[in-house]
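Written below as structure tokens is the structure these notes are about.
The values are calculated or read from the model by the stated rules, or taken from the named source; none is laboratory data. Quick caveat: nothing in here was measured; it's all calculated off a predicted structure. Using ideal geometry, Cβ is built from the backbone for each residue, glycine included, and neighbour counts are taken over all protein chains shown.
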Amino acid sequence: MTPRTLNEKYQMLLEALDGTPRDLARLTKRVHEAAALMRPGTDAWCVKDVIAHLADIEVKFRARFVRMVEQDNPTEPAIQPDPSSHDLRKSVPALIDQFAAERTKTTDYLRGLTHLQWLRTCEHETFGVTKLRKQVEILIGHDNEHLAQIVELREFLDKHKNTIVIAAQAAIQPPTTLDSRLRGNDDSDLRETTSHG
């Protein structure tokens with residue numbers, strides 16, 4: 001099946017998925033590697049965490065989609081974030097490339113599905129019986145949540161850019177947070193949620 005034969009609704013969803021890697025590249029274009037490791041607080045994520053998380057979750061969502069197509073209404077637990085899987089040694093562009101490669105695998109798979117396969121279901125731990133189409137919408141919502149998180153991190157980094165420059169010059173090793181003078185401010189709530197779709 002080619003993209004031209006897809007239902008218009010499905011094609012719109014795929015276009016949204018296709019756009020996320022480009023949005024990430026745009027939002028992080030001016031983020032220095034040292035700044036990409038800065039965390040607003042002890043429990044918060046840095047820019048690299050967010051991108052690495054998107055790549056990790058992508059694999060798990062795609063595996064769910066495959067199970068939904070190949071099995072009858074499989075039981076699906078909520079996907080939990082796994083910060084231990086984040087390879088923060090990679091550069092921001094490399095992390096985006098990793099995510100983009102995984103996203104392409106997902107959209108290629110989805111583009112090959114029939115209309116009836118898009119209507120396949122799973123029994124989700126949180127949402128109950130949901131169609132594959134709804135699961136794709138949840139993945140798009142997850143993308144948007146973390147794109148907004150990148151925007152918030154950019155605002156934090158811009159606010160504290162002088163401190164970040166000093167930290168970079170001091171060769172602080174990743175991952176790191178800004179000093180205790182900053183941990184008590186409103187930026188410290190840029191934390192990761194406990195579960196995903």
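Details
- Any hit, the stretch 142-161, residues being assigned to a strand (DSSP E or B) and over 19 Å from L14 (Cα atoms): no
- Residue within the stretch 152-166 that is surrounded by 13 or more Cβ atoms within 10 Å (Cβ to Cβ), at pLDDT below 90, β-branched (V, I, T) and under 18 Å from V92 (Cβ atoms) present: yes
- Subset of the stretch 66-96 (residues that are over 19 Å from Q135 (Cβ atoms), hydrophobic (A, V, I, L, M, F, W, C) and out of contact with any helix residue (DSSP H, G or I) (no Cβ under 8 Å at 6 or more places or on another chain)): A94
- Listed by first and then second residue, the pairs with beta-carbon distance under 8 Å, at least 6 apart or on different chains, first residue in the stretch 97-126 and of a type in the set (A, V, I, L, M), second at pLDDT below 95, are L113/M1.
- Residue identified as at pLDDT below 95 and of a type in the set (D, E, K, R) among D143, D97, D179: D179
- Test result for R62, of a type in the set (K, R) and closer than 18 Å to T114 by Cα: yes
- A single entry from T104, T121, T130, T126 fulfils the requirement of being over 13 Å from the mean Cα position of the chain (by Cα) and within 14 Å of G19 (Cα to Cα): T104.
- The set of residues in the stretch 127-140 being assigned to a helix (DSSP H, G or I) and either among the hydroxyl-bearing types (S, T, Y) or out of contact with any Phe, Trp or Tyr (no Cβ under 9 Å at 6 or more places or on another chain) (or both) consists of E137, I140.
- Residue under evaluation V31, criteria (1) closer than 21 Å to F127 by Cα; (2) within 18 Å of the chain's Cα centre (by Cα), criterion not met: (1)
- Taking the conditions (1) basic (K, R); (2) within 23 Å of V129 (Cα to Cα); (3) more than 16 Å from the chain's Cα centre (by Cα) in turn, K60 satisfies each one other than (3).
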